[in-house]
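The next block holds one structure in the form of structure tokens; read it before the comments.
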Amino acid sequence: MLRKVLIANRGEIAVRIIAACRELDIRTVAVHSEADRECLHVEMADESVCIGGPYANTSYLNISAVIAAAEITGADAVHPGYGFLAENAHFAEIVRDCGLTFVGPPPEAIRLMGNKSAARAAVSAAGVPILPGSKEPLQGRSEALRLAGEIGYPVILKASAGGGGRGMRLAFDERELRAAFDTARTEAERAFGDPSVYLEKYLERPRHIEFQILADTHGRVVHLGERECSIQRRHQKLLEEAPSVALSPEQRAEMGKAAVAAARAARYVSAGTVEFLLSEDGSYHFMEMNTRIQVEHPVTEMVTGVDLLKEQLRIAAGERMTLPPRKAVPIRGHAIEFRINAEDPDSFAPSPGVVRRLVLPGGPGVRVDTHLYAGYSIPPYYDSLIAKLIVHGKDREEAIVRGRRALDMLRVEGIQTSARLHRRILDDLDFIEGRLDTHFMARYLREG
Ligand code: ADP
């Protein structure tokens, strides 16, 4: 097993990784920026190293500082969490070349899936349905126009190297596509250092359904069911649930099989997520694969009883995953995750500052993953996610009722949070009846 894991991350996910390491008797090293001396992950880890200044590019994204911290402390593995260096193939390669274990997939799999058009081609060759569109990055505007003419409008241009909901441009007709093409390339170059873009059919009212997979070095690849992530604002997920009301057991089995095939096509190892768009007619198409543990992993943990972080650590150590050798992992009940962000629930402007008072809900079926404590000063430099409130019930109805009462019992004073917005979503009739698609929030905010 691993002896000592350096966590190249901060906040709630660093605390979550420390919890998993503790249960496996693995020592932990926290790294932190000068702005994060008081962050909970630093206190909870066995050791800590300051690796740079407040801005992430001088600390959490500074590869040599992270590697130096691992060497100084004698760590034998690095867990990247999500964000920061988690999907940086170059970083994973350096970790490997330094003789350390990367708690994640091989760099080759990160690289393949990080190039969205290459990923499309690879999974399509493995028989996974993809949306009609370009299989290679587009050579020029005329190729884009010709392809769009063939598959029909609307279409979406995406940066091959894109991620985080950025670098996407919609076009409803030829005129819009002409204008969008150059803008998309310029934006892609600026944001990701690579101007290549590809094109696919744009679906008008899809659901975002993603499958959790686990793959070990012994050749076993399993899926752990889906997460419904259609509640998004500007392509950023706000609330996730498992399972999705939209899938029948047959459809779950079929999409799960496709997710496993996608992972196999990338020779994937570790925990990963295969994202699909599900249309109203029940057809589904591969969108991308995320080669990391995700923010929303707890809903899957709640309905499967599998500790994904512990499995990920065991797999990194070369062990077999501990899931019983059955055909499908059983799903029990229903779970919902609310992302609690330090932001104004109306304007969505960030709301950093000091947490004056904190009351976390508990009781049956409630879990909170957070790095908050009363008196903590949330720095303005990082992502606004400060807590994840997760509820589990015997069915969706109970999970919703439990979500309402848990949100009502949550007190975070001194800053603004998105909790109130979640509380309102739980009273929305479309939400209650499970009528969801990726434009739910846009409609909701216009009406509300
Ligand atoms: P990122 O990696 O930047 O998150 P994704 O490819 O995962 O980008 O897309 C993010 C979101 O954009 C999806 O959840 C969905 O809401 C929307 N989206 C992406 N592609 C399409 C498409 N072809 N049709 C409709 N919506 C799309």
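Scanning the stretch 26-42 for residues being of a type in the set (Asp, Glu) and either in contact (Cβ under 8 Å) with a residue 60 or more places away in the chain or open to solvent by less than 20 Å² (accessible area, probe 1.4 Å) (or both) gives a total of 2. Of the residues that make up the stretch 339-351, is at least one open to solvent by 10 Å² or more (accessible area, probe 1.4 Å), aromatic (Phe, Trp, Tyr) and modelled with pLDDT of 95 or more? No.
Results for (1) under 18 Å from the mean Cα position of the chain (by Cα); (2) assigned to a strand (DSSP E or B), shown as yes or no for each residue.
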position	(1), (2)
Ala14	yes, no
Asp25	no, no
Val29	no, yes
His41	no, no
Cys50	no, yes
Ala68	no, no
Phe91	no, no
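For the stretch 352-378, the tally of residues that are open to solvent by 20 Å² or more (accessible area, probe 1.4 Å) and in a loop (DSSP other than H, G, I, E, B) stands at 10.
Pairs meeting the criteria (first residue in the stretch 419-445 and assigned by TED's automatic domain parsing to the domain that holds Leu238, second residue among the small types (Gly, Ala, Ser) and open to solvent by less than 60 Å² (accessible area, probe 1.4 Å), beta carbons under 7 Å, at least 6 apart or on different chains) are Leu426/Gly403; Leu436/Ser230; Asp437/Ser230; Thr438/Ser230; Phe440/Ser230. In the stretch 108-143, the qualifying residues are those that are among the charged types (D, E, K, R) and touching a residue at least 12 places away in the same chain (Cβ under 8 Å), and the one that is farthest from Met289 (Cα to Cα) is Arg141. Of the residues that sit in the stretch 177-186 and are open to solvent by less than 60 Å² (accessible area, probe 1.4 Å) and not aromatic (Phe, Trp, Tyr), which one is nearest to the chain's Cα centre (by Cα)? Top of the filtered list is Ala184.
Can you pull out the residues in the stretch 151-169 that are modelled with pLDDT of 95 or more and either more than 11 Å from the ligand (Cβ to nearest atom) or open to solvent by 20 Å² or more (accessible area, probe 1.4 Å) (or both)? The answer is Ile151, Gly152, Tyr153.
On the basis of being assigned by TED's automatic domain parsing to the domain that holds Leu214, among the β-branched types (Val, Ile, Thr), open to solvent by 40 Å² or more (accessible area, probe 1.4 Å) and touching a helix residue (DSSP H, G or I) at 6+ places or on another chain (Cβ under 7 Å), does Ile331 make the cut? So Ile331 fits the description; yes.
Residues that are farther than 25 Å from Tyr444 by Cβ, free of Cβ contacts under 8 Å to residues at least 24 places away in the same chain and within 16 Å of the ligand (Cβ to nearest atom) occur at least once in the stretch 190-209. Scanning the stretch 98-123 for residues that are surrounded by fewer than 22 Cβ atoms within 10 Å (Cβ to Cβ) and of a type in the set (D, E, K, R) yields Glu108, Arg111. Looking only at residues in the stretch 124-143 that are in contact with a strand residue (DSSP E or B) (Cβ under 9 Å, 6 or more places away or on another chain) and open to solvent by 50 Å² or more (accessible area, probe 1.4 Å), the one that is nearest to the ligand (Cβ to nearest atom) is Pro132. Return a yes/no flag: does the stretch 87-97 have any residue that is buried (at least 24 other Cβ atoms within 10 Å of the Cβ) and closer than 30 Å to Lys135 by Cα. So far as the stretch 87-97 goes, yes, one or more of its residues are buried (at least 24 other Cβ atoms within 10 Å of the Cβ) and closer than 30 Å to Lys135 by Cα. Could you look through the stretch 379-405, keep only residues that are part of a strand (DSSP E or B) and farther than 22 Å from His334 by Cβ, and pick out the one that is farthest from the chain's Cα centre (by Cα)? For the stretch 379-405, the residue satisfying everything is Ile386.
May I ask you to verify whether Arg146 is surrounded by fewer than 16 Cβ atoms within 10 Å (Cβ to Cβ), within 30 Å of Ala8 (Cβ to Cβ), free of Cβ contacts under 8 Å to residues at least 24 places away in the same chain and away from the ligand (no atom under 14 Å from the Cβ)? No: the conditions fail for Arg146.
Gly99 meets the conditions (1) part of a loop (DSSP other than H, G, I, E, B); (2) closer than 21 Å to Ala271 by Cβ; (3) without any contact (Cβ under 8 Å) to a residue 12 or more places away in the chain in every case but one. The failed one is (2). If only residues of the stretch 226-269 that are acidic (Asp, Glu) and assigned to a helix (DSSP H, G or I) are counted, the one that is surrounded by the fewest Cβ atoms within 10 Å (Cβ to Cβ) is Glu250.
Does Leu112 count as in the same structural domain as Glu240 (by TED's automatic domain parsing), out of contact with any Phe, Trp or Tyr (no Cβ under 8 Å at 6 or more places or on another chain) and either of a type in the set (D, E, K, R) or more than 12 Å from the ligand (Cβ to nearest atom) (or both)?
Taking the combined requirement at face value, the residue does not satisfy it.
Condition check: in the same structural domain as Arg367 (by TED's automatic domain parsing), without any contact (Cβ under 8 Å) to a residue 24 or more places away in the chain and within 26 Å of Ala349 (Cα to Cα). Does Arg411 satisfy that?
Working: in the same structural domain as Arg367 (by TED's automatic domain parsing): yes; without any contact (Cβ under 8 Å) to a residue 24 or more places away in the chain: no; within 26 Å of Ala349 (Cα to Cα): yes.
So Arg411 does not fit the description; no.
The values are calculated or read from the model by the stated rules, or taken from the named source; none is laboratory data. Because the structure is a prediction, the values reported are computed rather than measured. In this analysis, Cβ positions are derived from the backbone assuming ideal geometry, glycine residues included, and neighbour counts consider all displayed protein chains. Quick note on the areas: whole protein, heavy atoms, side chains included, nothing else; ligands and nucleic acids left out. Shrake-Rupley method; radii C 1.70, N 1.55, O 1.52, S 1.80 Å.
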